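Enquirer: What follows is a structure written as structure tokens; I'll ask about it next.
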Amino acid sequence: MHLHIQPTIEATLHALADYFVARAADAIAARGRFAVALSGGSSPKKLYELLASPAYRDQIDWTKAYFFFGDERNVPRTDPQSNYLMAKTALLAPLNIADDHVFSFDTALPPAEAAKAYTQTINHFFSPKPARLDLILLGLGDNSHTASLFPHTEVLQATVAEVQAVFVPEVDMFRLTFTAPLINQARAVAFLVFGADKAAAVRRVRQGPRNTEEFPAQLITPSANERHWFLDEPAAAVLTR
């Protein structure tokens, strides 16, 4: 587990952007392509805008990058809550990423069918090998959830590397999400967390007693041992160092 603590949000974003560039370069050199799963929310939006900026956009061969989504809300792709729409606006459109390099959820389908279809899409992309993304970006909620692995939901019991639909009572909607086994097959995962309001969750997940029902992000233990945490000082404030 690798911990990267920066004094400011801006420095944290640059540290993760640098890591993103390095992972992309390594993947393209080794396998000819870079497969990454994006996360939603306000924190990664800042990262995507940075990657699309003049400072970073020319550091990656984007024609060899392929984009997936670690989770999605069960809303149309045009809905302001859509993770896909946010990523398209902040990253994909500014970089002119080809449509056939972006794999979004078909939320026009019923949730269970959308999850099954996305599992098939991922497996087909990596076939005949197991689905191993080069990088999965993750956030952390103040309730210790990541992706759409929320406390006390059935998806936490998943033992298969796939995508599942899960109804989340606390947000009163269906979500579509990678299961923990699918995330853990990745070659690397990177958490992006900043702000004092996330400090308690960071402490619980990293240094608290193991209780994956209460703190689902504890399920993320990649077999390749490439697990990185990019934090600003306020988010890391209550960690024992």
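The values are calculated or read from the model by the stated rules, or taken from the named source; none is laboratory data. Source: prediction; values computed, not measured. Backbone-built Cβ (ideal geometry, glycine too); neighbour counts: all protein chains shown. What goes into the accessible areas is simple: the full protein's heavy atoms, side chains included, and nothing from ligands, DNA or RNA. Shrake-Rupley method; radii C 1.70, N 1.55, O 1.52, S 1.80 Å.
Enquirer: If I stretch the segment between Asp61 and Val171 completely, what's the gain in nm (0.36 nm per residue apart, minus their alpha carbon distance), one decimal?
Expert: The span from Asp61 to Val171 would gain 35.8 nm if fully extended.
Enquirer: Could you look at segment 29-72 and say what percent of its accessible area is carbon and sulfur, using a 1.4 Å probe and all protein chains?
Expert: The value for segment 29-72 is 47 percent carbon and sulfur by accessible area.
Enquirer: How much of the accessible area of segment 156-221, in percent, comes from carbon and sulfur atoms when a 1.4 Å probe is used?
Expert: Whole-percent figure for carbon plus sulfur exposure: 49.
Enquirer: Give me the count of lysine pairs in the chain whose alpha carbons sit under 29 angstrom apart, restricted to pairs 8 or more positions apart or on different chains.
Expert: 14
Enquirer: Under a Cβ-Cβ cut-off of 11 Å, what is the net charge of the residues other than Ala186 that fall near it, where Lys and Arg count +1 and Asp and Glu count -1?
Expert: Cβ neighbours under 11 Å give a net charge of +2.
Enquirer: Hey, with R₀ at 35 Å, roughly what FRET efficiency would Val21 and Ala117 work out to, going by the Cβ-Cβ distance, to 0.05?
Expert: 0.65
Enquirer: Using the crude model of +1 on Lys and Arg Cβ and -1 on Asp and Glu Cβ, and no other charge, please compute the dipole size for segment 39-96 relative to its Cα centre, in debye to 20.
Expert: 60
Enquirer: Under a 1.4 Å probe, what is the accessible area of the chain per residue, stated in Å²?
Expert: Result: 44 Å² of accessible area for each residue.
Enquirer: Hey, rough spin-label estimate for Ala108 and Asp142, points 7 angstrom out along Cα→Cβ, what's it come to in nanometres?
Expert: Reported label-point gap for Ala108 and Asp142 is 3.8 nm.
Enquirer: Also, I was wondering about something else. Between Thr221 and Ala196, what length comes free when the chain is fully extended (0.36 nm per residue of separation minus the Cα-Cα distance, one decimal in nm)?
Expert: 6.6 nm is the gain from fully extending Thr221 to Ala196.
Enquirer: Oh, and also: Just to be sure I understand, if you calculate Rg/Rh (Cα atoms, Kirkwood Rh) for this structure, which of (1) 0.93; (2) 1.09; (3) 0.97 do you get?
Expert: Computed from these coordinates, Rg/Rh (Cα atoms, Kirkwood Rh) corresponds to label (1).
Enquirer: Note down the net charge around Ala217, summing +1 for each Lys or Arg and -1 for each Asp or Glu among other residues with Cβ under 10 Å from its Cβ.
Expert: +2
Enquirer: Of Trp62, Trp229, which has the most accessible area and how do the rest follow, probe 1.4 Å?
Expert: Numbers: Trp62 25, Trp229 5 Å².
Descending accessible area places them as Trp62, Trp229.
Enquirer: With r as the distance between the Cβ atoms of Leu239 and Ser53 and R0 = 41 Å, compute the FRET efficiency 1/(1 + (r/R0)^6) and round to 0.05.
Expert: For Ser53 and Leu239, the calculated efficiency is 0.85.
Enquirer: Sticking with this structure for a sec: Could you grab the relative contact order for segment 1-151? Cα pairs under 8 Å, six or more apart, rounded to a whole percent.
Expert: Once normalised by length, the contact order is 26 percent.
Enquirer: Quick one: how many Å² of Thr89 are accessible to a 1.4 Å probe, rounded to 10?
Expert: Counting only protein heavy atoms, Thr89 exposes about 90 Å² to solvent.
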